[in-house]
Every structure is written in C-alpha cells, then in structure tokens.
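One structure is given here, and the rest of the page talks about it.
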C-alpha cells in the first residue's frame, strides 16, 4: 500500500475524531454494564447520512435530524468500530437503528453536565483519511492513558478549537 502525501494537517478532523472517541467509550460502558447511576445519553444524528440505517417511517418523520435518548428502555446495544446499533421503541414498536459515529452531531449526558457538538461533513472521510485518523487516535489514547485528570464538567464544540 503506497503512502499518500498530505499537503497539510487537518486538525479539525483530528480533534473531531478524538472527541467522537469519548462517545464510543461512553457507549461501550453502557454496552458492557448498562448505564451507571443516573447517567443517560442524548444523541442527535443526521438521518440523511448515507450509512444511517433506520426504518422508512422514521426517515420520513425525521428527514434530516433525529435525537434519541438512551436511558431506561433500550435493548441490544452493540458498539462497533464505525457505528453502533440499538433497539428502541417508537409508538410501542421496537426498531433497530444503526448509527455511524460520523453521522452524530450532538452527544450529551445531562446527569454529568457533559456535551459534545460535532460538525458533520456531507462527505464521509475517505478510507485513507479514516485509517490515518485511527492511527493518530491510538497514539493520543496511549498518551492520555499515561495521565489522569479529574477536571470539571465539560461542554465542547469543535468550533471552539477553530482559528477564526
């Protein structure tokens, strides 16, 4: 496999990937043990993202965005490397949703007073960009595991990191 030469470093994508890993890790905790205490998640995602899998009825009802709440009543939460799936009930009808992380625009845990806001490109990252970001994220996670922090509750927007 030949290496592609980058003409610049896209820090926005690097930051976004790192912050989305927070979402993935929170979902993995819920997958393994359920949600601890009063924690619960609000996740807003683009329903028109090409890799989102939802019923036609939900897509019709929510043609652009949808917010789901993961709290007491959910089933079959499966957290993958590029997406997660979950079964939720809508008007008493259980439905499985598959949501790629790149379609998520907002994640919050109101109990923890924590939230993340993401920009979603119309174009998903190329496989090469995704692989590069995955490698960089692994390095960042390794560095992070060497340090511990008990900082205050946080709300982060990717725009906060942008140079205006």
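Only the coordinates and a few stated rules stand behind these numbers; no lab work does. The shown structure was predicted, so the numbers you read here are calculated from the model rather than taken from an experiment. Cβ sites come from the backbone with ideal geometry, for glycine too, and all protein chains shown count toward neighbours.
Results, tabulated for the structure shown:
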{"read-out": "Candidate set: region 64-101, residues that are touching a helix residue (DSSP H, G or I) at 6+ places or on another chain (Cβ under 8 Å) and surrounded by 15 or more Cβ atoms within 10 Å (Cβ to Cβ); chosen: the one nearest to residue 46 (Cα to Cα)", "value": "66"}
{"read-out": "Those residues of region 25-46 which are within 18 Å of the chain's Cα centre (by Cα) and not in a helix (DSSP H, G or I), in sequence order", "value": "34, 35, 39, 40, 41, 42, 43, 44, 45, 46"}
{"read-out": "Of the criteria (1) free of Cβ contacts under 8 Å to residues at least 12 places away in the same chain; (2) assigned to a loop (DSSP other than H, G, I, E, B), which one residue 49 fails", "value": "(1)"}
